[in-house]
Each structure stands twice: as structure tokens, then as C-alpha cells.
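Enquirer: The structure's right below; bear with me while I get my questions together.
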């Protein structure tokens, strides 16, 4: 009996209303991207995104080991992100929030998680010469430019 009621309710819903709800819930195929914009530069003009990529993936040619911060931050906080998405989905269904607002909250949370990872992650130690040059043994933190440059933006979901 429940199945018949459900089917009847779905049958009576205007297809345009379903499309409208779908667009509201999935944000018209939007995703949250977290990282460093290409426009951010160190004082000497070096792109911060390049520095971030070198640390995330390492550069054996330059003797720099991997010090990933982006991937581990997202992985470590996955359940927290899922919880936020569940809460926000209910708000979206109630009409209390748009998909863009929900994705914005997720973006802010993920950006903060990445910044925490940069500041407190467990990274390969610096070489003694690097410690001497920068006056600190903390990897990824020199001028603070990378952590401050971290941003999120809405992007279009790529279809495979």
C-alpha cells in the first residue's frame, strides 16, 4: 500500500518541479575546489601555487620530499564534511538554504582544514641548511603566504 501511495505522489508531481528541485539540490553540477589561485605570488614573484604543488608532490630533482597537505586534510576530515553535507541537505529540502550556500560552507570548512594541516601536519623534516636559512624547523611555513593564500571556489563538475 505504501508503494502505491508513493507512486501516486510522484505521478502527480509536475516534472518541471522535479527538475527545479534537482537543480536546487545538486547546484547545477557545481563542485568546491580548494587550493591556491594562480594569481597569488610571493614577494619575489614566485607563484604560491607552484610552491604548494612542489610541496604536495615533492621534487626529487630539487631534493624536496613530498609534504602533502591538501589530500591528507580532505581525507582526514571526510566524515566531518559528510556530516555538514547531510545537515545542509535537510536545510535545502526545507528551502532554508541554496546549493551555493551549502557548497560555500563546505568550501570554508575544507579551506580551514587545509590551513590547519599546513600549520600542524606531520611532514618530512627540513634539511639543516634550510632550517638555518629560514630560522625555523617547521616545514611549509616560512612567510605564511601559502596558508594565507588558500582559497575555495565553486567550479563546474567535469563529466568523464
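The values are calculated or read from the model by the stated rules, or taken from the named source; none is laboratory data. Remember, predicted model here, so these are calculated numbers, not experimental data. A quick note on method: Cβ atoms are made from the backbone with ideal geometry, for glycine too, and the neighbour counts reach across all protein chains shown.
Enquirer: Taking residue 71, is it surrounded by fewer than 17 Cβ atoms within 10 Å (Cβ to Cβ) and touching a residue at least 40 places away in the same chain (Cβ under 8 Å)?
Expert: no
Enquirer: Right, another one. Any residue in region 120-143 that is touching a residue at least 12 places away in the same chain (Cβ under 8 Å) and in contact with a strand residue (DSSP E or B) (Cβ under 8 Å, 6 or more places away or on another chain)?
Expert: no
Enquirer: Also, quick follow-up: Among the residues of region 9-31, are any modelled with pLDDT of 85 or more, closer than 30 Å to residue 145 by Cβ and surrounded by 14 or more Cβ atoms within 10 Å (Cβ to Cβ)?
Expert: The answer is no, given that none of the residues of region 9-31 is modelled with pLDDT of 85 or more, closer than 30 Å to residue 145 by Cβ and surrounded by 14 or more Cβ atoms within 10 Å (Cβ to Cβ).
Enquirer: Let me ask another. Filter region 50-59 down to the residues that are without any contact (Cβ under 8 Å) to a residue 40 or more places away in the chain and assigned to a helix (DSSP H, G or I), then identify the one that is farthest from residue 69 (Cα to Cα).
Expert: The initial filter retains those residues of region 50-59 that are without any contact (Cβ under 8 Å) to a residue 40 or more places away in the chain, namely 50, 53-54, 56-59.
Now narrow it down to the ones that are assigned to a helix (DSSP H, G or I): 50, 53-54, 56-57.
Numbers: 50: 14, 53: 10, 54: 11, 56: 6, 57: 10 Å.
Here the answer is 50.
Enquirer: Oh, and also: Examine region 36-48 for a residue that is part of a helix (DSSP H, G or I), modelled with pLDDT under 95 and under 26 Å from residue 145 (Cβ atoms), and state whether such a residue exists.
Expert: Yes, there is a match, as at least one residue in region 36-48 is part of a helix (DSSP H, G or I), modelled with pLDDT under 95 and under 26 Å from residue 145 (Cβ atoms).
Enquirer: Here's another thing I want to ask about it. Identify all residues within region 74-99 that are surrounded by fewer than 13 Cβ atoms within 10 Å (Cβ to Cβ), assigned to a helix (DSSP H, G or I) and modelled with pLDDT under 90; write none if there are none.
Expert: Residues satisfying the conditions are 86, 90, 93.
Enquirer: Select from region 108-160 the residues that are surrounded by 18 or more Cβ atoms within 10 Å (Cβ to Cβ) and part of a loop (DSSP other than H, G, I, E, B) and write down the one among them that is farthest from the chain's Cα centre (by Cα).
Expert: Among those residues, the one meeting the criterion is 126.
Enquirer: Which one of 47, 72, 65 is touching a helix residue (DSSP H, G or I) at 6+ places or on another chain (Cβ under 7 Å) and within 20 Å of residue 114 (Cβ to Cβ)?
Expert: 72
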